[in-house]
Amino acid sequence: MLSARNRELLGLVPAAVLVIAGFTAIFIQQENNSPGASTNLALNHASSTSLTYGAIFLGLCLAAHLVIRFALPHADPYLFPLVAVLASVGIVMVYRIEPVLARQQAQWMVLGLVLFAATILALRKHGVGVLERYRYTIAAVGIVAAVLPRLPGIGEQVNGAYLDVHVGSVSFQPAELAKIAIVIFLASYLRDNRQILVTAGRRVLGLTIPPMKQFGPMLIVWGAAMATLLITRELGTTLMFYGAFLALLYVATGRLSFPLIGLVLFAVGAWFVAVHVSHVHARVVDWERPLDPVLYKAPGGSYQLAQSLFAQADGGLLGTGFDQSLLRGPHHGPSILPVPESDMIYAVIVNELGLVGAAALLLVYLLFIARGLKTAVLARDSFSKLLATGLSFVIAMQVFVIVGGVTRVIPLTGVTLPFVAYGGSSVVMNFVLVALLLVVSDRARRPHHARR
């Protein structure tokens, strides 16, 4: 029977194969589309280059695997291979859209793996419990990071929302750091107040209302979420934060009334913002009527969402094939599908890989979230349980927000698809998130004689 680490090593093979197969298909298609291209030359170029890229990708994954093998020998054997599969899909799809961006994505992936290894090595001895000592500092960092894009000089407004921060030639989204910081703080707070929240409170209309002393922080978090929405004008980020908070609250207390109250508060706040904030109101209107001719042609209107729906419909069940979707007009003309490398990358995947490929991608996400929640179940202390739950739900909410927006389940937002969409800060911080899950998993799975 294979050990956990050997199963992890074996699980990295499909990711490398996906990189090789994906690049091979793209190169062959590109060569075939070139005038006077030779089939044999196309195959030789595609095979050699694809094998090189596959070997580099596998080498990076093997380096991370060695860190896990020696620092966290009992960690979940499937978390990292699932991430490798997602990253392989992302690097291939981004390269297909824009090779220059794919090289930048690969550089961010290297930095992410460096921080991944650093996080593991820093926490391997004492576990994630050491983070509780600095929870207020971490919370302050998260709150400051969330509002950084609104500061003049470094923040930038894109499509009405404030998401990016620019320092020199470097651009990043502080919300990616904030999501981890806020989860750490909430997990620590709920661990300390869990028993009071469970046993105290009074009944009102069938719902248990906790005492204000303990319920106050929930109102503060709700107010901070709404304030962040008002300041950054980004509905998706707020939904991601608040959804993870409600999930943690339910897991910590087991009371359905708490998240129900939270959902009512969020609905009231979201309605107010959608009515009174012009940018958010415009997004809602575009979502309601994406094919309206007036909205479709209006600057910043429903063009992006409508084109996404057209692209997904064009993909059908099995897709058009790699490099076959029409993203730009003839001779590198205007973009037919706006921002295909980040906001709309799921639409590109559906178009080229079809409903089958998109469903397979979502299944990988579901497996990753399931392994994260299993880690939470196995964790031996409340903080680790809540932290693993919160981190898993953050990824789940992020996937829901962007896929839901692209498929018109909810209004479209600028949240990135984890590990797949182009975005340096997203890639880097998501690798840190995975490292935290692996640290929790290692301590949870240690045999009795190895516990310290």
Q: Hey, can you tell me all the residues within the range 102-134 that are within 17 Å of residue 182 (Cα to Cα) and either of a type in the set (A, V, I, L, M, F, W, C) or modelled with pLDDT under 85 (or both)?
A: 128, 130, 131
(Q) Could you check the range 377-387 and list, in sequence order, the residues that are in a helix (DSSP H, G or I), more than 19 Å from residue 178 (Cβ to Cβ) and touching a residue at least 40 places away in the same chain (Cβ under 8 Å)? (A) 378, 382, 383, 384, 385
**Q.** Residue count for the range 304-320, restricted to those that are in contact with a helix residue (DSSP H, G or I) (Cβ under 6 Å, 6 or more places away or on another chain) and either free of Cβ contacts under 8 Å to residues at least 12 places away in the same chain or surrounded by fewer than 19 Cβ atoms within 10 Å (Cβ to Cβ) (or both)
**A.** 6
Q | Check on residue 389, of a type outside the set (A, V, I, L, M), touching a Ser or Thr at 6+ places or on another chain (Cβ under 8 Å) and closer than 30 Å to residue 8 by Cα | A | no
Q) Hey, residue 404 hits all of (1) within 30 Å of residue 335 (Cα to Cα); (2) open to solvent by less than 10 Å² (accessible area, probe 1.4 Å); (3) more than 14 Å from the chain's Cα centre (by Cα) but one; which does it fall short on? A) (3)
Q: Those residues that are more than 20 Å from residue 357 (Cβ to Cβ), crowded, with 24+ Cβ neighbours inside 10 Å and of a type in the set (Gly, Ala, Ser), I need them from the range 65-105; list them, please.
A: 75
Q: Would you please name the residue that is surrounded by the fewest Cβ atoms within 10 Å (Cβ to Cβ), looking only at residues in the range 251-262 that are part of a helix (DSSP H, G or I) and over 22 Å from the mean Cα position of the chain (by Cα)?
A: 260
**Q.** So residue 355, is it farther than 21 Å from residue 410 by Cα and open to solvent by 50 Å² or more (accessible area, probe 1.4 Å)
**A.** no
Q) Can you name the number of the only condition in (1) closer than 19 Å to residue 405 by Cα; (2) modelled with pLDDT under 75 that residue 302 fails? A) (2)
Q.
Looking at 75, 84 in this structure, which one is over 30 Å from residue 284 (Cα atoms), of a type in the set (A, V, I, L, M), touching a helix residue (DSSP H, G or I) at 6+ places or on another chain (Cβ under 7 Å) and part of a helix (DSSP H, G or I)?
A. 84
Q. Is it fair to say residue 113 is surrounded by 22 or more Cβ atoms within 10 Å (Cβ to Cβ) and closer than 23 Å to residue 5 by Cα?
A. no
Q. Does the range 402-414 include one or more residues that are in contact with a strand residue (DSSP E or B) (Cβ under 9 Å, 6 or more places away or on another chain) and on the phi < 0 side of the Ramachandran plot?
A. yes
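The values are calculated or read from the model by the stated rules, or taken from the named source; none is laboratory data. Keep in mind that what you see is a predicted model, and the values were worked out from it rather than measured. All Cβ positions, even for glycine, are placed from backbone atoms using ideal geometry, and neighbour counts span all protein chains on display. Note: areas computed on protein heavy atoms with side chains; ligands, DNA, RNA excluded. Shrake-Rupley method; radii C 1.70, N 1.55, O 1.52, S 1.80 Å.
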